[in-house]
1. Any chance you could run the full-extension gain for A:K117 through A:A45? It's 0.36 nm times the residue separation minus the Cα-Cα distance, nm to one decimal.
2. Could you state the orientation-averaged shadow area of the convex hull built on the Cα atoms of chain B, in nm² to one decimal?
3. With unit charges on the beta carbon (Lys/Arg positive, Asp/Glu negative), name the residue among B:V27, B:P167, B:L13 whose Cα is farthest towards the positive pole of the charge dipole of chain B.
4. Measuring from a point 7 Å past the Cα of B:D146 along Cα-to-C-beta, which residues in region B:41-74 have an amide N at less than 16 Å?
5. Percent of Cα-Cα pairs more than 12 Å apart in region A:79-123, please.
6. Tell me, how many Å apart are the Cα centres for region B:268-328 and for region B:222-236?
7. So what's the net charge close to B:R164: Lys and Arg +1, Asp and Glu -1, counting the other residues with Cβ under 12 Å from its Cβ?
8. Relative to the Cα centre, what is the charge dipole magnitude of the protein assembly as shown, using +1 at the beta carbon of each Lys and Arg, -1 at the beta carbon of each Asp and Glu, and rounding to the nearest 20 debye?
Amino acid sequence: MPLYFTKDHEWISVEGDSATVGITDYAQAQLGDVVFVEVPPAGTAVDKGKEAAVVESVKAASDVYAPVSGTVTEGNGALEADPALVNTSPEGEGWFFKLTLSDTSELDGLMDAEGYKAFVEGL
Amino acid sequence: MSEEIQIIPDSLLPLDAWHREHGARMVSFAGYEMPIQYEGIIAEHLWTRQHAGLFDVSHMGQLKLSGEGLDVALEALLPADVKGLGEGRMRYSLLLAENGGILDDLMLARLPGGTIYMVVNGATKWDDIGHLHEYLPEEITLNHMDEQALVALQGPEAVTALARLVPGVEALTFMTAGLFDWSGTPLWISRSGYTGEDGFEISVPGDEVERLAVALCEQPEVKPIGLGARDSLRLEAGLPLYGHDLDPETTPIEADLGFALSKRRREEGGFPGAERILRERTEGALFKRVGLLVEGRQPVREGAVVIGGGRVTSGGFSPSLERPIAMAFVPAAAIPGSTLQIEQRGKIFTATVSPMPFVPHCYHR
């Protein structure tokens, strides 16, 4: 499954016109201990680059942006009870939401794993 | 000629390299690069509540005041009973403006020989020094001890760890202080802190602080703790943070710091803003600082609006209680147990007014 990354430190794993979105390991390390996550419920329309979820660490609240536009099919309910999954498994069990892409061409501007690695090293 | 924008770089503390060696993430705070966290705020917070945490607070201003008429001169600027402050005793006090607003909160201690040692906030120290220079008479000498570092060792096992290095500190009680010798290095040690736990604050020459930090962290009880946990610990302890919960628009009564007005000073007055402050003390202020237990898991933060009047001034997640807590200024009629609604980023939160501290103080009295 192709994996893409944004400059706002979200990842998106794509399969056909479906995808899973989360935040990167770099992002969770920067945030520190995650204590609250709010994910969008199924049916929410999200727009590329706009706020789609909220993640709060002990010290601050941050927005999570939708890497692409689409309709949410599932929010990760496990994060409500165990928000620390974002720290322990950011690119696995700590995923935020799944969606149906409305325009797969929006993926074109995103980075691949190698590009993201270089981007983070440049920060 | 074009105007150049000058970026003033942050100053480095004497322990800067030591923090980095210990894996600290450094942030800009009060004009210094400071450690926000090492292994993580929650782990550091809980370690301090259970064992002992070492905090570098060398950004704070350490001042020494001496001279003829010092006590009277200081009493004109703050509401503490300075005259009654005996050697080795400490007081929490407030630098007050003429309108009764709080310019800073600080600690006073009496050194041997009558000198006063004062610790003020890092972000306000330059303003404080200016204020003191302006209002203290010429006979008073103000020495900014910027060659001194300051560390805090906090937690139930702090006394065990420190007494191993500096025998005798165990005899100090809460809010007392003394001069100690640690293998040839003079240490001014007070039994005080900003976490609600038993612990010590240690003033040490800047060129000896790394040796002290190394020796303390060799003790099995001690780990270095960053500013992030310092903030969550003081919030649980109900202790206000200047620039957030206290500011020049806030009076000691609104801030629920009436205990900082010594009995004799309440009776005699004669401190800045005394008329207003003493009136608020008997008649009550319109607003007051309270604790809030916030429903749900999501924290409310500084700046969130209390519906019906008021604002959140500090808020976050309590690692000890595993729930969001906050401090807010609300109408004085809000008593413990009453519920309030708070608006943050378009969302409504419910909170219950709670007595503070949220986590009981464990001072060694």
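No lab work stands behind these numbers, since they all come straight from the coordinates. In this text, all values refer to a predicted model and were calculated from it rather than measured experimentally. Cβ coordinates were reconstructed from backbone atoms using ideal geometry, including for glycine residues, and neighbour counts include every protein chain displayed.
1. 23.0 nm
2. Approximately 20.8 nm², given one-decimal rounding.
3. B:P167
4. B:58-64, by backbone N distance to the label point.
5. The share of Cα pairs beyond 12 Å in region A:79-123 comes to 73 percent.
6. 20 Å
7. -4
8. 1740 debye
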